[in-house]
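See structure below.
The values are calculated or read from the model by the stated rules, or taken from the named source; none is laboratory data. It should be emphasised that the depicted structure is a prediction, and the values quoted were computed from it without experimental measurement. Heads up, the Cβs are rebuilt from the backbone with ideal geometry, glycines too, and the neighbour counts pull from every protein chain shown. Accessible surface is based on the protein model in full, side chains and every heavy atom, while ligands, DNA and RNA are left aside. Shrake-Rupley method; radii C 1.70, N 1.55, O 1.52, S 1.80 Å.
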Amino acid sequence: MSASDEDAVRVLRAGGLVILPTETVYGLAADAGNAAAVAAIFAAKGRPRFNPLIAHVADLLGAEAVAELNEAARALAEAFWPGPLTIVAPARAGDAVCDLARAGLDSIAVRVPGHPRARAVLSAFGGPVVAPSANRSGRPSPTTFADAVEETGFAAAGAIDGGACVVGVESTVVSVMDGRIALLRPGSVTRAEIEAQVGPLAAGGEGRRSPGRLTLHYAPDAPVRIEAEAAGAGEILLGFGPGAGDPRWSLSPAGDLREAAANLFRMLREADRERPAGIAVSPIPDEGLGEAINDRLRRAAGFTG
Ligand code: TXA
Ligand code: MG
């Protein structure tokens, strides 16, 4: 059963967890200032406590209440919020976001999501809400209501059905700290779109500064093989572009990166349910949104770092 926005706000205020739709993926949400509720998120996901959460807020003002945004951060916020961009910036002192949510760091990740239901809940709640992707740790993020409920619904006192997530991969994470602007996680706001706003991004190795990027991630049960030209014995091939495998299993028959991103996690899950010997995936161009898709696929295939 899908909760109303008002139900969800009541649950958050009472310290409960809510399955919350965003335009990227479904989140498992809690009041960022309630340490017990935040601890329940880590427990439900089986998430290591060194991995900090993103604070979701209704608008720029809400972000400035918890983070120190410099000129570059504000330019990014204005260009891409509401939308699939997360900014990592120095945290402001205060208890609106508890220590555990930030994993004890002096920085904080903030984002203003674009999904109308998430926006309505955040506006009515009036403070920061932490929401990691609603999967159990290490599994593909859920992009449908059913998948989110299957992953962590057991821990949620409320769940909002916001339909299928239109973006399908998690937000782009950009850190704006100490005069350096770095891409910590590629997402649907592309490198080129960010550089058009703030100039060249710092080069290389920044992934290591995002604690959540150190571990195997996004993996279904079946082994994943990337850059595959064809399905091997017992494998399902997730195709990309015309003529690549069975159209039933194509991420995008036309070779459209937005469509492929929107289908990616749902199709990985669907393929996994068939219990194949493996999941093979066609090559996907590494430009634009392809950078985020290939990042998730490499991690699903077991490459880290
Ligand atoms: O699209 C999204 O961002 C989704 C939806 C639900 O909003 N949320 C999401 O949250 O993907 P999560 O927890 O699955 O991923 C957050 C990422 C992790 O890699 C985490 O390590 C990183 O953001 N992160 C959070 N706070 C950080 C910080 N202070 N410094 C560096 N990285 C941080
Ligand atoms: Mg996640």
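Every residue in segment 171-187 that is open to solvent by 10 Å² or more (accessible area, probe 1.4 Å) and part of a loop (DSSP other than H, G, I, E, B), please.
Asp178, Gly179, Pro186
Checking Arg185 against (1) of a type in the set (D, E, K, R); (2) within 16 Å of ligand 2 (Cβ to nearest atom); (3) closer than 30 Å to Ala14 by Cβ: exactly one of these is not met. Which one?
With (1) of a type in the set (D, E, K, R); (2) within 16 Å of ligand 2 (Cβ to nearest atom); (3) closer than 30 Å to Ala14 by Cβ applied to Arg185, the lone miss is (3).
If I filter segment 277-292 for residues that are over 24 Å from Pro186 (Cβ atoms), open to solvent by 20 Å² or more (accessible area, probe 1.4 Å) and more than 18 Å from the chain's Cα centre (by Cα), do I get at least one hit? Walk me through how you get there before you give the answer.
Going through segment 277-292, the residues over 24 Å from Pro186 (Cβ atoms) turn out to be 277-278.
Of the ones still in play, those that are also open to solvent by 20 Å² or more (accessible area, probe 1.4 Å) are 277.
So of that shortlist, the ones also more than 18 Å from the chain's Cα centre (by Cα) come out as 277.
There is at least one residue in segment 277-292 that is over 24 Å from Pro186 (Cβ atoms), open to solvent by 20 Å² or more (accessible area, probe 1.4 Å) and more than 18 Å from the chain's Cα centre (by Cα).
Checking Ala29 against (1) in a loop (DSSP other than H, G, I, E, B); (2) under 26 Å from Ala159 (Cα atoms), only one condition comes out false. Which one?
Failed condition: (1).
Out of segment 255-276, which residues are basic (Lys, Arg) and either within 20 Å of Ala233 (Cβ to Cβ) or surrounded by 17 or more Cβ atoms within 10 Å (Cβ to Cβ) (or both)? Lay out the reasoning, then the answer.
Step one: filter segment 255-276 for residues basic (Lys, Arg), giving 258, 266, 269, 273, 275.
Those that are basic (Lys, Arg) and either within 20 Å of Ala233 (Cβ to Cβ) or surrounded by 17 or more Cβ atoms within 10 Å (Cβ to Cβ) (or both): Arg266, Arg269, Arg273, Arg275.
Please return the ranges of helices (runs of 4 or more DSSP H) entirely within segment 34-113 where 2 or more residues are open to solvent by less than 20 Å² (accessible area, probe 1.4 Å) and assigned by TED's automatic domain parsing to the domain that holds Gly16.
Correct list: 35-45, 71-80.
Return the residues of segment 123-137 that are away from ligand 1 (no atom under 11 Å from the Cβ) and either assigned to a helix (DSSP H, G or I) or open to solvent by less than 50 Å² (accessible area, probe 1.4 Å) (or both); say none if nothing qualifies.
Selection gives Ser123, Ala124, Phe125, Gly127, Pro128.
Just checking, how many residues over segment 117-142 are closer than 26 Å to Phe303 by Cβ, in contact with a Leu (Cβ under 8 Å, 6 or more places away or on another chain) and not aliphatic (A, V, I, L, M)? Talk me through it step by step, then tell me what you get.
Here is the first cut: in segment 117-142, the residues closer than 26 Å to Phe303 by Cβ are 132-142.
Of the ones still in play, those that are also in contact with a Leu (Cβ under 8 Å, 6 or more places away or on another chain) are 132-134, 138, 140.
Of the ones still in play, those that are also not aliphatic (A, V, I, L, M) are 132-133, 138, 140.
So the answer is 4.
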